[in-house]
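Right, one structure below, let's go through it.
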Amino acid sequence: MQSIDLATASLREMNATLQAQAAQTNATQWEILNPRGAHAIAVGLDAPIEVTVRGSTGYYCAGMNKQATVHVTGSAGPGVAENMMSGTVIIDGDASQYAGATGRGGLLVIKGNAASRCGISMKGIDIVVQGSIGHMSAFMGQAGNLVVCGDAGDALGDSLYEARLFVRGSVKSLGADCIEKDMRPEHLDILRDLLARAGVDARPEEFRRYGSARKLYNFDIDNVAAY
Amino acid sequence: MCGIVGLFLKDKALEPRLGAMLTEMLVTMTDRGPDSAGIAIYGGGAEGQAKLTVQSDQPDSDFPALADDLGAALGSRVTLRRKDTHAVLDLSAAKAAEARAALAELRPGLRVMSDGAAIEIYKEVGLPRDVARRFDLAAMGGTHGIGHTRMATESAVTTDGAHPYSTGADQCLVHNGSLSNHNNWRRRLKREGLRIESENDTEVGAAYLTWKMREGASLGAALEGALDDLDGFFTFVVGTRDGFGVVRDPIACKPAVMAETDQYVAFGSEYRALVNLPGIETARVWEPEPATVYFWSR
């Protein structure tokens, strides 16, 4: 296990070291000590390494991640795993607003709650939240899956494109053009796989599925007076 | 952007360290607000006495004879403690309103930062570290306090534009965000007799809460009213003589983190601000919910 202590190393040194790891590196296990809420920890990684951050992080932890597994043992500030491309990000505590925003791939697991705008503009990322999520989550979500084991806040899936939303608890309100849809066998399979990969003990049958009504896709001539 | 910190002590043993803890939190928030910094600190205060914190751009000429001049005008004993550009005047609570009027005559350039039994406000332009050093904030004790680091959006980078704002005895407000309907509310609140001295949006927010409480609302109800009446982005932290409160607008894009232990309740715009507090590793740490009022009092 390689260790980087942010009490002595600078943030740039830490990120440069992690970003320099090649695909064939032997140094696959890393730990970051004393994160103390610092911003932009373990960003832009592009190697199959495993990074454990021991503590809580500030803004934009694990942003733009590719291939790497980043595990935060505390909570994460705003924008965790923003624009993730692939790999896995696991947060043991809570995540602040816009977790997984614009993510294109990979898996983000939040074991606590996520705040507002979770998965906003998601473009292929899979997000599994074991707790609840805040308002405006998955706003304009284009692709990928958002799984919520707890409850969802106001305006879930507003202006949604083709992201799939699965919620086990209550939904405070659905956003514009977001509707509940039938859970078909292929959705149960997707959900079963995601729950297993996230290590969540829950039955897919307990969830409801929400998606786009596809009414905002094309201009509706009846709305012309509004413009 | 702006940075907010707040600390409400439950454990009396920490009271002598309030200023030191708040200063450390404030300096951590420098990159959220390097323009100016300020702090409201609550403590001390004897029965029947009031404290007026005043600020002067010419402290060397304004302050030396001020206690005597004011004492003579009021016919009552006044003492003065100077801290850099600020001074705290101790006087009889019964004379507090009269003292404001007298100060306007005696020293027209003076700004009254706060008045009340326990509150003192210190704020100036500059890096938080430098502002804290000028006032020796780290040496101050107290029961609770609120600090702000400012990145200006709504009004000029001046002492008047810095937070906290106090528009009522022992009340203060700091704000991260921007209000969009403050001009309407400024006109309305001035008609209601509220004292608003700057062009800043936050001062209007402070006056709004003062007005609500003057009309009989509790602080909690006043903060609920702010959710209905104030338009814009805000994370507010409010201080009163015996407590402090937090509210975020319904969109809640301005960050906020809170921590609570048996010893304190702490607020930070970011978790970074809280990491040096005692027992933070085992504290209950959470993000305050949108459009939800939180309040602690002793």
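Tabulated data for the structure shown
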{"item": "Residue match in region B:230-253 (condition: open to solvent by 30 Å² or more (accessible area, probe 1.4 Å), under 18 Å from the mean Cα position of the chain (by Cα) and either closer than 20 Å to B:Gly177 by Cβ or among the charged types (D, E, K, R) (or both))", "result": "yes"}
{"item": "Every residue from region B:244-291 that is acidic (Asp, Glu) and more than 10 Å from chain A (Cβ to nearest Cβ)", "result": "B:Asp249, B:Glu260, B:Asp262"}
{"item": "Among residues of region A:75-102, those that are touching a strand residue (DSSP E or B) at 6+ places or on another chain (Cβ under 7 Å), farther than 21 Å from A:Phe139 by Cα and within 14 Å of chain B (Cβ to nearest Cβ), counted", "result": "3"}
{"item": "Residue in region B:260-268 that is within 26 Å of B:His182 (Cβ to Cβ), assigned by TED's automatic domain parsing to the domain that holds B:Asn176 and assigned to a strand (DSSP E or B) present", "result": "yes"}
{"item": "Counted residues, region A:40-74 - those being under 14 Å from the mean Cα position of the chain (by Cα), within 14 Å of chain B (Cβ to nearest Cβ) and closer than 15 Å to A:Lys111 by Cα", "result": "1"}
{"item": "Qualifying position, being under 21 Å from A:Ser96 (Cβ atoms) and in the same structural domain as B:Gln171 (by TED's automatic domain parsing), among B:Trp185, B:Trp286", "result": "B:Trp286"}
{"item": "Single match in A:Ile4, A:Ile32 (criterion: open to solvent by less than 50 Å² (accessible area, probe 1.4 Å) and more than 18 Å from B:Val275 (Cα to Cα))", "result": "A:Ile4"}
{"item": "Those residues of region B:38-68 which are in contact with a strand residue (DSSP E or B) (Cβ under 8 Å, 6 or more places away or on another chain) and polar (S, T, N, Q), in sequence order", "result": "B:Gln49, B:Thr53, B:Gln55, B:Ser56"}
{"item": "Qualifying residue in region A:42-59 (condition: acidic (Asp, Glu), under 18 Å from A:Met1 (Cβ atoms) and modelled with pLDDT of 95 or more)", "result": "yes"}
{"item": "Condition broken by A:Met14, with the remaining ones in (1) open to solvent by 50 Å² or more (accessible area, probe 1.4 Å); (2) within 19 Å of A:Gly79 (Cβ to Cβ); (3) aliphatic (A, V, I, L, M) satisfied", "result": "(1)"}
{"item": "The lone exception for B:Leu127 - which of (1) over 16 Å from B:Leu74 (Cα atoms); (2) not polar (S, T, N, Q); (3) not assigned by TED's automatic domain parsing to the domain that holds B:His148 it fails", "result": "(3)"}
{"item": "Residues (surrounded by 24 or more Cβ atoms within 10 Å (Cβ to Cβ) and among the hydrophobic types (A, V, I, L, M, F, W, C)) located in region B:258-273", "result": "B:Ala266, B:Phe267, B:Ala273"}
{"item": "Pick from region B:41-75, criterion of a type in the set (S, T, N, Q), open to solvent by 10 Å² or more (accessible area, probe 1.4 Å) and in contact (Cβ under 8 Å) with a residue 40 or more places away in the chain, ranking: nearest to B:Gly109 (Cα to Cα)", "result": "B:Gln58"}
{"item": "Matching residues, region B:212-244, being in contact with a strand residue (DSSP E or B) (Cβ under 7 Å, 6 or more places away or on another chain) and more than 24 Å from A:Asp154 (Cα to Cα)", "result": "B:Leu219, B:Val237, B:Val238, B:Gly239, B:Arg241, B:Asp242, B:Gly243, B:Phe244"}
{"item": "Region A:103-124 - residue that is away from chain B (no Cβ under 11 Å) and small (Gly, Ala, Ser) and, of those, nearest to A:Val167 (Cα to Cα)", "result": "A:Gly119"}
{"item": "Single residue of B:Glu203, B:Glu124 found to be assigned to a helix (DSSP H, G or I), open to solvent by less than 30 Å² (accessible area, probe 1.4 Å), of a type outside the set (A, V, I, L, M) and within 25 Å of B:Gln58 (Cβ to Cβ)", "result": "B:Glu203"}
{"item": "Any chance B:Tyr294 is within 14 Å of chain A (Cβ to nearest Cβ), touching a strand residue (DSSP E or B) at 6+ places or on another chain (Cβ under 9 Å) and without any contact (Cβ under 8 Å) to a residue 60 or more places away in the chain", "result": "no"}
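Here is a yes/no grid of residues against (1) within 22 Å of B:Thr53 (Cα to Cα); (2) of a type outside the set (Asp, Glu); (3) within 14 Å of another protein chain (Cβ to nearest Cβ):
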| residue | (1), (2), (3) |
| --- | --- |
| B:Thr167 | yes, yes, no |
| B:Glu197 | yes, no, no |
| B:Phe234 | no, yes, no |
| B:Asp242 | yes, no, no |
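So that you can scan it fast, the table gives a plain yes or no per residue for (1) among the β-branched types (Val, Ile, Thr); (2) outside the structural domain of B:Ala217 (by TED's automatic domain parsing); (3) open to solvent by 30 Å² or more (accessible area, probe 1.4 Å); (4) in a helix (DSSP H, G or I):
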position: B:Asp90; (1), (2), (3), (4): no, yes, yes, no
position: B:Ala94; (1), (2), (3), (4): no, yes, yes, yes
position: B:Ala138; (1), (2), (3), (4): no, no, yes, yes
position: B:Ala152; (1), (2), (3), (4): no, no, yes, no
position: B:Thr158; (1), (2), (3), (4): yes, no, yes, no
position: B:Leu173; (1), (2), (3), (4): no, no, no, no
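The values are calculated or read from the model by the stated rules, or taken from the named source; none is laboratory data. Just so you know, these numbers come straight off a predicted model, no measurement behind them. Methodologically, a virtual Cβ is constructed for each residue, glycine included, from the backbone with ideal geometry; neighbour enumeration extends over all protein chains shown. The area values use the complete protein model at the heavy-atom level, side chains included, leaving out ligands, DNA and RNA. Shrake-Rupley method; radii C 1.70, N 1.55, O 1.52, S 1.80 Å.
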